[in-house]
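Only one structure is covered here, and it is reproduced in the block below.
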Amino acid sequence: MSALSLQQVTVSFAGRAVLSDVTLEIGQGLFIGMLGPNGAGKTTLMRTVLGLIRPAGGRIRVLGEPASSGNAAVGYIPQLRSLAGNMRLRGWDFVASACNGHRWGLPILSRAGRQEVHWALDMVGATELARRPLMETSGGERQRLLLAQALLGRPRLLLLDEPLISLDPHHQHGVVTLVKQVQQELGITVIFSAHELNPLLGAIDQVLYLGRGQAALGKVDEVITKPVLSRLYGSNIDVIRMKNRIFVMAGDVEVEKEEHCHHA
Amino acid sequence: MLEFDFMQNAFIAGGLVSVLAGVVGFFLVMRGQTFAGHALSHVGFAGATGAALLGLSPMWGLIWVTLLGGVSMGALGERLQGSDIVIGTILSLALGLGMLFLHFFTAYATQATALLFGNVLGVNTDTLWTLAWLGLACLLLLAIMARPLVFASLQPELAEAKGVSLRQVSMLFLAIVALTTAECIQIVGVLLVFTLMVGPAATAQKLTSHLGTGVLLAALLALAEAWLGITLAFYTDWPTSFWITALSSSAYLAVTVLHMLRNRRPVASAA
Ligand SMILES: Nc1ncnc2c1ncn2[C@@H]1O[C@H](COP(=O)(O)OP(=O)(O)OP(=O)(O)O)[C@@H](O)[C@H]1O
Ligand SMILES: [Mg+2]
């Protein structure tokens, strides 16, 4: 059984296809880096896997089951974070809100629930951090808490939507290392979307590159190539390797850097 | 002062409503929907004056119209939430309509002041029972939905992925807010609902970062402000609503200053 399988999946908004006829299979226990320019459909793909967007066509299997919301086996860190900006709520309460958060009743955790939150915070080394108000934590610390929250319910597939955004290279490295460590320790599948390939290079098993409605999945050396990327971008792309880094260029502009600036 | 029936009623009504307002207000602040709460009270004003014009009970007009307003706000969902312009427009339209209804129903002029600024000293036993039952219903509903409410407020996208219906949560919660608003209007009036719903909650969340403690503190602060306000009104003969607003805003101001001082100290010592 694969962690995720898409067969000829098409997702469109108001008749415009964001993903068209995408077929791919992601094995279990892999760390997948998901890349692609703004609007390529990274978030859309994740929300489709979560069962929040219904595809116009095709078949999706998530750990062998059809995609549907409320699947405890899938963990998620959303890209848009409204992080309770109005309140000085401590990290613990923020993380714990996701513990059985869909059930009716008072938000008072059982002993097992509290242990689960402790476990998740411990996994990411955020036990101390969780005592502080969320709005007084740094971007990197916040990612730790979000990761702990996503681990509640012990998911076997983790979808992390751009956890590196607005972090400096040092903290980017910290987050990638932490995710890798958690992924290995728990033996789960991680799909990690990002705007830049280089921070992920040492950690990922495969890359999933999206562009113009299409997807390419495979080892970095198979996907990050002139023909594949030229097809996904619909223009002439050069791939330049320097030591341990890879630069994806359109003419003399580095495409990933370019997008990053747009986003900031 | 408790030898007077009207004072007993005022204390009971003030106690019931303020505890409810404190608790509901905490979640309202957490969701960043305080302006929606403010607008609902104005919608209630149109409801109460409209009902009076039709010869119906103003209180029930107030309750039903705020409830309708709350549920539709929740149903419209994201398109409306956070849209200050839409909410503000509804608010002024409601106030304008209320004015029009009053214009046709001039005998109601003294009642208008009570609606706008509250009249806790005029609460009779019948009203008291209505307040008690409605308040109980609100607290019960809130207890049932509190867990998904907190989840959906703090992490909406994740909550949705885990099977929480954001629209359902929003509609139910705004229904509770609407009923709470209708109750608050009996005490502090349409224009000052903010003072009971938002003031204590905003103060509480500056004092603690614990969720449970915050809710409890908001309820206690609201209760203290309401009872102290009624007491001060009795001895000074100034309006109760004035005293409650004065206490509510002083408390908020005090903790804000305290907070600023506390946050400045480490910076000063580091420099
Ligand atoms: N709810 C929606 N309604 C209509 N169009 C949408 C909706 N959500 C996404 N889109 C469109 O689908 C396309 C893909 O968007 P998506 O957010 O998935 O891209 P992305 O790869 O995550 O981009 P980014 O790097 O900016 O996060 C965009 O063109 C976007 O405008
Ligand atoms: Mg995205």
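The values are calculated or read from the model by the stated rules, or taken from the named source; none is laboratory data. Values in this document were obtained by computation on a predicted structure and should not be read as measured data. Because the Cβ atoms are built from the backbone with ideal geometry, glycine has one as well, and the counts that use them run over all protein chains shown. Note: accessible area is taken over every heavy atom of the protein model, side chains too, but ligands, DNA and RNA are not part of it. Shrake-Rupley method; radii C 1.70, N 1.55, O 1.52, S 1.80 Å.
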The conditions are (1) open to solvent by 60 Å² or more (accessible area, probe 1.4 Å); (2) closer than 30 Å to A:Gln8 by Cβ, and A:Gly51 fails exactly one of them. Which is it?
(1)
Pairs with Cβ under 7 Å, 6+ apart, first in the range A:149-175 and more than 21 Å from A:Pro37 (Cα to Cα) and assigned to a loop (DSSP other than H, G, I, E, B), second within 16 Å of ligand 2 (Cβ to nearest atom) and of a type outside the set (S, T, N, Q)
none
Could you list all residues from the range A:31-41 that are touching a strand residue (DSSP E or B) at 6+ places or on another chain (Cβ under 9 Å), open to solvent by 10 Å² or more (accessible area, probe 1.4 Å) and near ligand 2 (Cβ under 9 Å from one of its atoms)?
A:Gly39
The listed residue being aliphatic (A, V, I, L, M), open to solvent by less than 50 Å² (accessible area, probe 1.4 Å), within 16 Å of ligand 1 (Cβ to nearest atom) and farther than 12 Å from A:Val182 by Cβ, out of A:Leu164, A:Leu129
A:Leu164
Restricting attention to the range A:219-237, which residues are without any contact (Cβ under 8 Å) to a residue 24 or more places away in the chain and buried (at least 18 other Cβ atoms within 10 Å of the Cβ)?
A:Val223, A:Val228, A:Leu229, A:Ile237
Of the listed residues (A:Gln28, A:Gln79), the one being outside the structural domain of A:Leu186 (by TED's automatic domain parsing), open to solvent by 20 Å² or more (accessible area, probe 1.4 Å) and within 20 Å of A:Leu160 (Cβ to Cβ) is A:Gln79
Among (1) within 12 Å of ligand 1 (Cβ to nearest atom); (2) within 22 Å of A:His195 (Cβ to Cβ); (3) part of a strand (DSSP E or B); (4) of a type in the set (A, V, I, L, M) - the single one A:Ala17 does not satisfy
(2)
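Rundown of residues vs (1) surrounded by fewer than 17 Cβ atoms within 10 Å (Cβ to Cβ); (2) within 16 Å of ligand 1 (Cβ to nearest atom); (3) assigned to a helix (DSSP H, G or I); (4) of a type in the set (Lys, Arg), yes/no style:
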residue: A:Arg88; (1), (2), (3), (4): no, no, no, yes
residue: A:Gly105; (1), (2), (3), (4): yes, no, no, no
residue: A:His118; (1), (2), (3), (4): yes, no, yes, no
residue: A:Leu121; (1), (2), (3), (4): no, no, yes, no
Subset of the range A:181-208 [open to solvent by 10 Å² or more (accessible area, probe 1.4 Å), in a helix (DSSP H, G or I) and in contact with a strand residue (DSSP E or B) (Cβ under 6 Å, 6 or more places away or on another chain)]:
A:Asn198
